[in-house]
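Every number here is computed from the coordinates shown, using simple stated rules; none is lab data. Everything numeric here is computed off the predicted structure, so don't read it as measured data.
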Amino acid sequence: EAQVTQNPRYLITVTGKKLTVTCSQNMNHEYMSWYRQDPGLGLRQIYYSMNVEVTDKGDVPEGYKVSRKEKRNFPLILESPSPNQTSLYFCASSAVGQGYGYTFGSGTRLTVV
Amino acid sequence: AQSVTQPDIHITVSEGASLELRCNYSYGATPYLFWYVQSPGQGLQLLLKYFSGDTLVQGIKGFEAEFKRSQSSFNLRKPSVHWSDAAEYFCAVRNSGYSTLTFGKGTMLLVSP
């Protein structure tokens, strides 16, 4: 089944403790992206990657890191999480080209206390 | 930079009534437009997309949308709403370089008996 898999689904952590949210897709998509969703703000792009070893900042990259060493994986790293990073995070992937939509993962609800 | 406006934060529709959710976009070139639906606790599911051709596009679950370039709009419609349509709906525009999918802030649809 074609899908984007995120782990974990839920995570509670403490301020400053490094964490990684994994994202993997099985559709051989070139493009991958991370979004955060907050009430009243909709979805905002954190980082994206057009292909292996090619990443760039989205609208809200502060406090996050990403890497794209393999085509299928695009982990999101929070080196020193803070409470304002409490949010619902989505990973998405897409083929690159006209008319392609994104396939989204099921989301990771992160709480930083 | 592109942007998307969904003027209605909440809409309540009676079951069986028709539905129209509004979406206005701002983008300099030909836009690639999408509607997504998010049920509570779920990820985002693609309803339909427009990138060229016929301005009236059909999607899943009986939804359709009409692209009107002169009004910079891409409104979502359904002739008869079912209780299971209650969810949050997001309009989005993708840039021609495929690097960014910009979302509106969403419209929450409530369906009354």
Completion exercise
Expressed in angstrom and rounded, the centroid-to-centroid distance over alpha carbons for segment B:23-83 and segment A:1-15 is 28 Å
Handout entry: Relative contact order, percent, chain A [alpha-carbon distance under 8 Å, six or more residues apart]
Key = 36 percent
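Quick check of the Kirkwood formula: for chain A, what is the inverse mean of 1/r over all pairs of different Cα atoms, in Å? Mind showing how you got there, number by number?
On the way: mean 1/r = 0.0715 Å⁻¹.
Value: 14.0 Å, from the Cα pair sum.
Compute the relative contact order of segment B:20-102 as a whole-number percentage, counting only Cα pairs closer than 8 Å that sit 6 or more residues apart in sequence.
Working: 151 pairs, mean separation 30.6, N = 83.
Computed over segment B:20-102, the figure is 37 percent.
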Completion exercise
Rg (one decimal) and Dmax (whole number) from the Cα set of segment B:48-90, in Å, equal 11.3, 33
Practice task
Please work out, to two decimal places, the log10 of the ratio I(q)/I(0) at q = 0.16, 0.29, 0.32 Å⁻¹ from a Debye calculation in which every Cα of segment A:1-53 carries one identical scatterer.
Solution key: -0.66, -1.24, -1.25
Completion exercise
Log10 I(q)/I(0) at q = 0.12, 0.14, 0.17, 0.21 Å⁻¹ for chain B, from Debye over equal alpha-carbon scatterers, is -0.38, -0.52, -0.76, -1.14
Fill in the blank from the handout: hull vol. (C-alpha, convex hull) per residue for the protein assembly as shown, Å³ -> 121 Å³
